[in-house]
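Here the structure comes first, spelled out in structure tokens, and everything after it is commentary.
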Amino acid sequence: MAGAFEKGRSQSGLWRKVNLIFVTIGTMVKVNEFTRLITKMDEVAGRVGEEVVMQIGSVPYEPRNAKHFSHTSYQESLSYFRNASLVVGHGGAGTILNALRFHVPIVVVPRSQRFGEHFDNHQMELAQRLMGNALIKVVYDIDALESAVKEMLEKGRDLDRGKISSERKALIKSIKDFVSRSP
């Protein structure tokens, strides 16, 4: 698996950083597919010039511009988070917490009840609470995904991934509090 800190040979023979965008839709069952995110991110993958790996669950669409798999173990999933330059995912608390855990910028596309992607809009509610954090970009309009990906890849280049800020700790606590209060 190529990752944010794995090196590859450039055309000049010098080592260069290889970026990985990890796309995940979580572990929801088939009745809550997230085809909207996977199809749009596949389009974006064909244009961003980065390696894209997608966890697509039971989405019936097969990406053409990205490596993909349906499900994986939790440990392997963590290695994708750890090695990613950017995570693009649904608005699930676990996905957001794992990106923050490894100090990886994340583009959050919350599932919408309106599109039949979830039974309620709790992902929208969580996403609204996260807006304004430097590591998180929330996308409600799927047509804005490509610009959000490019913006967050650029931001990610300037991050000190070893630094754990008090803002990050507070955000993780806020998400955990939100989840514990949810019905």
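The values are calculated or read from the model by the stated rules, or taken from the named source; none is laboratory data. Predicted model, so just to flag it, every value in this text is computed and none were measured. Don't worry about glycine lacking a Cβ; one is built from the backbone with ideal geometry, like all the others, and counts go over all protein chains shown.
If you check Ser58 against the conditions, is it touching a helix residue (DSSP H, G or I) at 6+ places or on another chain (Cβ under 8 Å), assigned to a loop (DSSP other than H, G, I, E, B) and over 21 Å from Leu145 (Cα atoms)? Judged against the criteria, Ser58 is a match. Filtering region 50-64 to residues that are of a type outside the set (Gly, Ala, Ser) and over 17 Å from the mean Cα position of the chain (by Cα) leaves Pro60, Tyr61, Glu62, Arg64. Scanning region 61-111 for residues that are among the aromatic types (Phe, Trp, Tyr), under 16 Å from Glu33 (Cβ atoms) and in contact with a helix residue (DSSP H, G or I) (Cβ under 7 Å, 6 or more places away or on another chain) yields one hit, Tyr61. For region 77-101, filtered to residues that are among the aliphatic types (A, V, I, L, M) and touching a residue at least 40 places away in the same chain (Cβ under 8 Å), the residue that is nearest to Phe178 (Cα to Cα) is Ala93.
As a summary of the residue check, Gly132 satisfies the conditions (1) surrounded by 14 or more Cβ atoms within 10 Å (Cβ to Cβ); (2) modelled with pLDDT of 70 or more except for the one numbered (1). Filtering region 86-104 to residues that are more than 16 Å from Val139 (Cα to Cα) and more than 10 Å from the chain's Cα centre (by Cα) leaves Gly94, Leu97, Leu100, Arg101, Phe102, His103. Can you pull out every residue in region 31-87 that is of a type in the set (Val, Ile, Thr) and surrounded by fewer than 20 Cβ atoms within 10 Å (Cβ to Cβ)? Matches in region 31-87: Val31, Thr35, Thr39, Val48, Thr72. If you take the residues of region 135-183 that are in a loop (DSSP other than H, G, I, E, B) and modelled with pLDDT of 70 or more, which of them is farthest from Gly89 (Cα to Cα)? Out of the qualifying residues, it is Asp158.
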